[in-house]
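Scroll down for the structure; my scribbles are underneath it.
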Amino acid sequence: METKFALDDDSVVVVVGSGAGGGTLANELAQRGIKVVCLEAGKRHEIPDFINDEWASFAQLAWTDNRTTSGQWRVSKDFPNLPAWIVKSVGGSTVHWAGASLRFQNHEWKALSTYGHIDGADLLDWPITGEEMAPWYDKAEYRMGTTGTNGIPRLPGNNNYKVFAAGAKRLGYKEFHTGNMSINSEPRDGRTSCRQLGFCFQGCKMGAKWSTLYTEIPAGEETGNLEVRPQSQALQVEHNAAGKVTGVIYADRDGKLHRQKARVVAIAGNSIESPRLLLNSHSNLFPHGLANGAGHVGRYYMRHTTGSVYAVFDKPVHMYRGTTMAGIIRDESRHDPSRGFSGGYEMETISLGVPFMAAFLNPGDWGRDFTSALDAYDRMAGMWLVGEDMPQADNRITLNSEAKDAFGMPVANVNYTDHPNDVAMRDHAYKQGTAVYDAVGAQRTILTPPYPSTHNLGTNRMSDKAADGVVNKWGQAHEVENLFISDGSQFTTSAAENPTLTIVALALRQADHIAGRLARNEL
Amino acid sequence: MRSPDKRVPLSRRTFIGSATGAAMIAGVAGTARATIPSLKTAPSPQASATLLKMARDIYPHDRIPDLYYAKAIETIDQKVSGSDATSGLLADGVAALDAQANTLFQKPYTEIALEEDRLKVLKAIEATPFFSRVRSEMVTALYNQKEVWTLLGYEGSSYEFGGYLDRGFNDLDWLES
């Protein structure tokens, strides 16, 4: 039977968001007997609902509510109201993620100590180390069924990977393979294995790819301790005179407002909505927004230094067949300042269908130079470059007082400008990506600018000292003891790796911490 | 390697039911009859022909028949017809395009024989809301047609066929591993 908790039940933990962070935390708390209400802004679309058609799927799953942009990034010019390509649906962005599950490298937890001070950036060491995180990564990989871990075989490489790997080999790269993917290479955990559909970004119709939608969430619901409320947009977090949070005001599908009382609130709405919710929760006690005493809420927005290289060959590739992210080259992920920048980047295959290729290959471009690339669509291979970007105080989410959402709340503005380190890294990555394809006879390579952000990080940063960030090493707000942040907005620095595995590992660790404190009556 | 057939099957054309559709099919078949879009907001045949030519010049693919450009223009027409603010966009835009063509080449846009000359006219109006809207709408209006995917060698959804696992996901055979 479906569990329902009363709005005035102040013993529940309210989790805002049901993606990698929120969905995992909600289940893990429920497994430990803690009552959880999970508020999800999006609808509940299940596996059979997914549409293997790029624009139709985008209309179904993407977060398209208004946002505004500013800064020098090109996304602000080409897609001024679409800073991020993330999901508004139960399961959050785990519905459309590619599945890449990489651990941070140990030095990336200590960016300031490792890279030293970099002008214009506010690097910090995380208040957690790689050694502390290792057992949580172990748990996350086991849970997600990550290939290349726990004896789980890696996926077979598709045509896009074959081109990529042959180029890597000829270039002398050493560490390349089909990745650590949370996509079943054989049946596991009640889910079937990958049939190479080619639509990982549109929701996996096999259910072979891990998503909280059909793993964590139903497992949590099964305990009777978790209620997920779809189409419930959190608008404000409330608090009492003592500065403890007491509940969340949210709007239901009809726009009607409700107040869900809470013992603890955990926010996991991704790095644009999470700080927006805190900023929109300003009050007399917290005039600049909840948990924002040090002024860091919304700051240090990171999106990874990204770009793509597409290459045209004289023979067919059919890159769209099979997993979207089919392999990785890791050789450039090291920190090696002799390359002219700090931090590193990963090279990962990627594929877009014709509809998205037309929109994203070089937004705004037209004429024969552009169309001749699309004419070679079936002879194209592609890779995505993803590396650490620098945390900068002015790259930030703010409230846009001019633009309001359907409930009258100010929307988020996303301001972003590359740091010189980001530019140097991207240039290097473009050069190396081009070299990979040139090594196997590319006729032409195309450098594609960053897409609207899929990795949104760092706007409620974790810090040892309250003056340096928003949350402590447990994701607990420095200034509000029963308020937690449970998504990628906790990230102190971005590291080079795709963030989902780290978000899940942090959520598992945080659940253990919250459960312990609740049991000891400390919250 | 398994290569998909890039020809659009005849049955796929049956989605067009209008009289214009018949003319379009004739156009694809290579007869002398012209394929032109049928537009609510720019009803003159000259305007339709101009928009079709413009659409081809913006996103030229020699192997994509006029039919699909005409469909794209009709999609845009449908979109702009919904609002008073935009219902004049196409007709006014065509007039401005022809005015620019007359300034540069002393003839209407469709009568400029060389593509490179027509591009000069388009470049001159590239910053206008008309050009910008037509170009950006074309990105989906043209490239989100399944027949266009087929012509470009993209097979799209595979779920209904059991995925690409047994249909060539790793059949690339021209590289040593």
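The values are calculated or read from the model by the stated rules, or taken from the named source; none is laboratory data. Everything quoted here is computed from the prediction, not taken from an experiment. Positions of Cβ are generated from backbone atoms using ideal geometry, with glycine treated the same way; all protein chains shown enter the neighbour counts. Just the protein is used for accessible areas: all its heavy atoms, side chains included, with ligands, DNA and RNA removed. Shrake-Rupley method; radii C 1.70, N 1.55, O 1.52, S 1.80 Å.
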**OP:** Identify the single condition in (1) at pLDDT below 95; (2) closer than 30 Å to A:ALA168 by Cβ that A:LEU523 does not satisfy, given that it satisfies every other one.
**Re:** (2)
Subject >> Residues (closer than 28 Å to A:THR24 by Cα, of a type in the set (Lys, Arg) and out of contact with any His (no Cβ under 8 Å at 6 or more places or on another chain)) located in segment A:135-188 >> reply: A:LYS139, A:ARG143, A:ARG188
**OP:** Sort through B:GLY153, B:GLY163, B:GLY168 and tell me the only one that's under 28 Å from A:LEU197 (Cβ atoms) and touching an Asp or Glu at 6+ places or on another chain (Cβ under 6 Å).
**Re:** B:GLY153
**OP:** Test each condition in (1) buried (at least 23 other Cβ atoms within 10 Å of the Cβ); (2) within 15 Å of A:PHE484 (Cβ to Cβ) for A:LYS244 and report the one that comes out false.
**Re:** (1)
**OP:** Those residues that are within 21 Å of A:GLY198 (Cα to Cα) and open to solvent by 10 Å² or more (accessible area, probe 1.4 Å), I need them from segment A:360-376; list them, please.
**Re:** A:PHE360, A:ASP375
Subject >> Residue in segment A:24-53 that is nearest to A:ALA519 (Cα to Cα), counting only those that are assigned to a helix (DSSP H, G or I) and open to solvent by less than 10 Å² (accessible area, probe 1.4 Å) >> reply: A:LEU29
Subject >> Among the candidates A:MET357, A:MET390, A:MET383, residue that is surrounded by 21 or more Cβ atoms within 10 Å (Cβ to Cβ) and within 14 Å of chain B (Cβ to nearest Cβ) >> reply: A:MET357
Original post:
So which residues in segment B:59-93 are more than 9 Å from the chain's Cα centre (by Cα), β-branched (Val, Ile, Thr) and either under 21 Å from A:ALA376 (Cα atoms) or open to solvent by 10 Å² or more (accessible area, probe 1.4 Å) (or both)?
Top reply: B:THR75, B:THR86
Subject >> Single unsatisfied condition, A:LEU483 versus (1) surrounded by fewer than 23 Cβ atoms within 10 Å (Cβ to Cβ); (2) out of contact with any Phe, Trp or Tyr (no Cβ under 8 Å at 6 or more places or on another chain) >> reply: (1)
Original post:
When A:GLY408 is evaluated against the numbered criteria (1) on the phi > 0 side of the Ramachandran plot; (2) surrounded by fewer than 24 Cβ atoms within 10 Å (Cβ to Cβ); (3) in contact (Cβ under 8 Å) with a residue 60 or more places away in the chain, which criterion, by number, is the only one it fails?
Top reply: (3)
**OP:** Would you mind listing the helices (runs of 4 or more DSSP H) fully within segment A:105-189 where at least 1 residues are modelled with pLDDT of 95 or more and within 14 Å of another protein chain (Cβ to nearest Cβ)?
**Re:** A:159-171
**OP:** Quickly run through segment A:54-86 and pick out the residues that are outside any loop (DSSP other than H, G, I, E, B), open to solvent by 30 Å² or more (accessible area, probe 1.4 Å) and over 27 Å from A:LEU235 (Cβ atoms).
**Re:** A:TRP55, A:ALA56, A:LYS77, A:ASP78
Subject >> In segment A:283-326, residue nearest to the other protein chains (Cβ to nearest Cβ) [restricted to those that are assigned to a loop (DSSP other than H, G, I, E, B) and aromatic (Phe, Trp, Tyr)] >> reply: A:TYR320
**OP:** Quickly run through segment A:327-354 and pick out the residues that are within 18 Å of A:HIS177 (Cα to Cα) and either within 12 Å of chain B (Cβ to nearest Cβ) or not in a loop (DSSP other than H, G, I, E, B) (or both).
**Re:** A:GLY327, A:ILE328, A:ILE329, A:ASP331, A:GLU332, A:SER333, A:TYR345, A:GLU346, A:MET347, A:GLU348, A:THR349, A:SER351
